[in-house]
Amino acid sequence: MAPSSTSQEGKSITILNGSSAGDWDTGAVPRTLDDLTWPVRTERLLIRRVTPDDAPAVWRYRQLEAVYDWITTAPTDEQAFSEYFVDSHRQAVTLAVEHDGIVIGDLYLHVEDAWAQTEVKDAARGVQAEIGWAFDPSYGGRGLATEAVAAMIGICFEGLGLRRLVANCFADNTPSWRLMERLGMRRESHAISESLHRSGRWLDGYGYALLPDEWRR
Ligand SMILES: CC(C)(COP(=O)(O)OP(=O)(O)OC[C@H]1O[C@@H](n2cnc3c(N)ncnc32)[C@H](O)[C@@H]1OP(=O)(O)O)[C@@H](O)C(=O)NCCC(=O)NCCS
């Protein structure tokens, strides 16, 4: 399969064995992650489907406060985390990110239906995705998460032919929304006091989105 490249901040991110460009028509039948060629390689990273064997490596950084403070589900011991992680739905929507053979982060890629009126709802099935990420802070500040998420966006638009990506974060999670803006994602909403943090505080939330044409610009 021919390599494909995308360019962010002047840096080429090459998906060496990614799937070829998708059909952007909203009526197209979307492909699934199972249909793509894995792993996907970028300049510094290897991205692949997770397996249950990845649980200890992912737990190593997800147990850290800098990570669990922001993520949706944060089991408090390794056994509970392992049970959560090996669940078949979790495995189906999670990608592992390796740097020099070490798992340094994980990506969430959940293909979902768009909202549609009843008469056209079949055309809105599986056309968009919610995306997310969690990385080992000891590898932070080098653009590795940005590189991984850029590749995931390429997978979504070029590999799966999706028509829209969305991501949400607490407004206080500055590294996460900075990452999104670095990649050209557009802030669509600032919801006031909408989300309950596990500390008991109601926090503001940001909603971001990206369309294929915005990504290609
Ligand atoms: C969100 C998260 C992945 C961001 O991590 P990060 O280290 O800021 O992201 P990167 O690895 O892409 O590094 C980007 C930083 O390195 C800098 N950088 C250095 N080299 C770079 C390069 N080649 N390309 C891009 N950025 C580079 C950037 O300027 C940026 O720093 P800045 O924000 O101070 O400007 C991380 O904080 C995390 O996992 N948090 C916990 C989980 C979480 O919040 N998940 C999201 C829930 S909504």
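What follows is calculated from the coordinates using simple rules that are stated; it is not laboratory data. Everything numeric in this text was worked out from a predicted model, so none of it was measured. For neighbour counting, all protein chains shown are included, and Cβ atoms are generated from backbone atoms with ideal geometry for every residue, glycine included.
Residues whose amide H comes within less than 5 Å of that of Trp38, counting only those at least five positions distant or on another chain, are absent (H built at 1.01 Å from N in the peptide plane). In terms of its Cα atoms, the chain spans 43, 41, 36 Å along the principal axes, sorted from long to short.
Proximity of backbone amide H atoms, modeled 1.01 Å from N, is registered between Gly161 and Gly22 at under 5 Å, excluding neighbours fewer than 5 places apart on the same chain. For His190 and Leu64, FRET efficiency with R0 = 25 Å and r from the beta-carbon atoms, rounded to 0.05? For Leu64 and His190, the calculated efficiency is 0.35. Computed from point charges on the beta carbon alone (+1 for Lys and Arg, -1 for Asp and Glu), the dipole magnitude for the chain about its Cα centre is near 500 Debye.
Entry note, region 149-217: relative contact order of 36 percent, from Cα contacts under 8 Å with a spacing of 6+ residues.
Among Asp77, Asp204, Asp113, the largest mean-square fluctuation in a Gaussian network model of the chain, built with springs joining Cα atoms closer than 10 Å, belongs to Asp77. Here, region 104-217 has an Rg and a Dmax of 15.0, 50 Å when only alpha carbons are counted. Label positions at Glu83 and Lys121, each projected 7 Å from the Cα along the C-beta direction, are separated by 3.4 nm.
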